[in-house]
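The values are calculated or read from the model by the stated rules, or taken from the named source; none is laboratory data. Source: prediction; values computed, not measured. Virtual Cβ from ideal backbone geometry, glycine too; neighbours counted across all protein chains shown. These accessible areas exclude ligands, DNA and RNA; they are computed on the full protein's heavy atoms, side chains included. Shrake-Rupley method; radii C 1.70, N 1.55, O 1.52, S 1.80 Å.
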Amino acid sequence: MQHIKLGQLDVARIGLGAMGMSHGYTGAGTDDAGSIRTVHRALDLGVTFIDTAEVYGPFTNEELVGRALKGRRDQVVLATKFGLISHTGRQGGPDSSPAGVRAAVEGSLKRLGTDHIDLYYQHRVDPGTPIEDTVGALAELVGQGKIRHIGLSEAGPDTIRRAHAVHPVTAVQSEYSLFTRDPEARVLPVLRELNIGFVPFSPLGRGFLTGTIRSTDQFAPTDFRADNPRFTEENFQHNLRLADEVAAIAAQIGVTPAQVALAWLLAQGDDIAPIPGTRHVARVEENAAADAVRLTHEQLAQLTSLPPAAGDTHNEAQMRMMER
Ligand SMILES: NC(=O)c1ccc[n+]([C@@H]2O[C@H](COP(=O)([O-])OP(=O)(O)OC[C@H]3O[C@@H](n4cnc5c(N)ncnc54)[C@H](OP(=O)(O)O)[C@@H]3O)[C@@H](O)[C@H]2O)c1
């Protein structure tokens, strides 16, 4: 597995997102033993970058990751996120107040069974707290050795610049894939200017680009995608064509659609480390093998020129929390 640098942080360039093991998707939380086997297999394959968050579960995903990494913590660049749960009694909305951050980190350290977090992201920008105050509190945590690097998620260019002026930001994590191209216009240029790494989340389009999702009936009512605009009937039918184009290129090369989706992302720069999520050993093997898939200039151009997916990436309430 090839490695890249996110800022100064070395990671294997394909990571593992743990969210769906406990949260958000059909089947989450039903097979912790299988999920732990998946984490172990990922480590054996050279995946070093594991992604979780306090809000996944809530809390249970960090606990699961903590159990999975017992005895293997030093093989991993461990990333988690704070800010969508308030620890200061704030009602509704995000909370990245300095007091909230200081309380959140203690819980995450405990659940993860570690004395430090390698990359600690603000999960969403908090309009109620100046980013300078949040990053000031994070810089103190760096000084105390509780966290090593600072990240932001779904932050816009202005927030990224303001944060980076207080303390270097190592990585920004936002949704990016052939299904969601938004970061290309405004965010990626700023990251490159400031030497900040980029971590595409949902790099498989929440499973869509793998070609295995052919009907909305596949989602349990609790599945995040059941009320996601991308997956509602009309948009879904439109977006199936996108998945079919990816599958056609995969068939030409003799690889899988998931591998094509990841190889396209990897070709976008050596400052990018996607974190595909899966609960299954066979799929983590498939996704990690995308490291060796090379697309030709023609294939890359064909994929890059695919039409945008139809529908917003999140429902209305969630969209309001994202800076664009
Ligand atoms: N910062 C944020 O706000 C944010 C938001 C969302 C996600 N994330 C992070 O990003 C990570 C990845 O995103 P994601 O899980 O939303 O979406 P994703 O990686 O685009 O897709 C995950 C889905 O695809 C399926 N899948 C994975 N590999 C597959 C393969 N090779 N073939 C067929 N299906 C496959 C998984 O199902 P199975 O599990 O059944 O294999 C799962 O349903 C998350 O785990 C989380 O850590 C961050």
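Each residue in region 27-57 was checked for being open to solvent by less than 20 Å² (accessible area, probe 1.4 Å) and over 23 Å from I117 (Cβ atoms), and 1 of them qualify.
All conditions but one from (1) away from the ligand (no atom under 12 Å from the Cβ); (2) under 28 Å from A155 (Cβ atoms); (3) open to solvent by 20 Å² or more (accessible area, probe 1.4 Å) apply to Q318; the one that does not is (1).
Within the option set A289, A309, being of a type in the set (G, A, S), within 14 Å of the ligand (Cβ to nearest atom) and open to solvent by 40 Å² or more (accessible area, probe 1.4 Å) holds for one residue only, A289. Summed over region 1-26, the residues that are farther than 17 Å from F59 by Cα and open to solvent by 10 Å² or more (accessible area, probe 1.4 Å) give a count of 11. Contact map, region 80-93: residues that are within 16 Å of the ligand (Cβ to nearest atom) paired with residues that are open to solvent by 70 Å² or more (accessible area, probe 1.4 Å) and in a loop (DSSP other than H, G, I, E, B), Cβ distance under 6 Å, separation 6+ or inter-chain. No pairs are found.
How many residues are open to solvent by 10 Å² or more (accessible area, probe 1.4 Å) and of a type outside the set (D, E) if we restrict to region 132-158? Break it down into steps so the answer makes sense when it comes.
Here is the first cut: in region 132-158, the ones open to solvent by 10 Å² or more (accessible area, probe 1.4 Å) are 132-133, 136, 139-140, 142-146, 148-149, 157-158.
Then keep just the ones that are of a type outside the set (D, E); that gives 136, 139, 142-146, 148-149, 157.
Result for region 132-158: 10.
Taken as a whole, region 14-32 holds at least one residue that is more than 9 Å from the ligand (Cβ to nearest atom), under 30 Å from D227 (Cβ atoms) and without any contact (Cβ under 8 Å) to a residue 24 or more places away in the chain.
As for region 139-154, it holds at least one residue that is touching a His at 6+ places or on another chain (Cβ under 7 Å), touching a residue at least 24 places away in the same chain (Cβ under 8 Å), within 16 Å of the ligand (Cβ to nearest atom) and within 18 Å of E323 (Cβ to Cβ). I'd like to check something: does region 182-195 contain any residue that is within 14 Å of the ligand (Cβ to nearest atom), open to solvent by 10 Å² or more (accessible area, probe 1.4 Å) and of a type in the set (D, E, K, R)? The answer is yes; a qualifying residue exists. Take H280 and decide whether it is within 15 Å of the ligand (Cβ to nearest atom) and under 16 Å from the mean Cα position of the chain (by Cα). Here the answer is no, as H280 does not meet what is asked. When we screen A243, A250, A261 for residues that are among the aliphatic types (A, V, I, L, M), more than 18 Å from S202 (Cα to Cα) and buried (at least 21 other Cβ atoms within 10 Å of the Cβ), the only hit is A250.
Within region 71-104, the set of residues being within 29 Å of D44 (Cα to Cα), touching a helix residue (DSSP H, G or I) at 6+ places or on another chain (Cβ under 6 Å) and of a type in the set (V, I, T) comprises T80 only. Give all pairs with beta carbons closer than 7 Å in which a residue from region 185-205 that is under 12 Å from E175 (Cα atoms) meets a residue that is open to solvent by 20 Å² or more (accessible area, probe 1.4 Å) and part of a helix (DSSP H, G or I); count only pairs at least 6 apart in sequence or on separate chains. Qualifying pairs under 7 Å: L204/T210.
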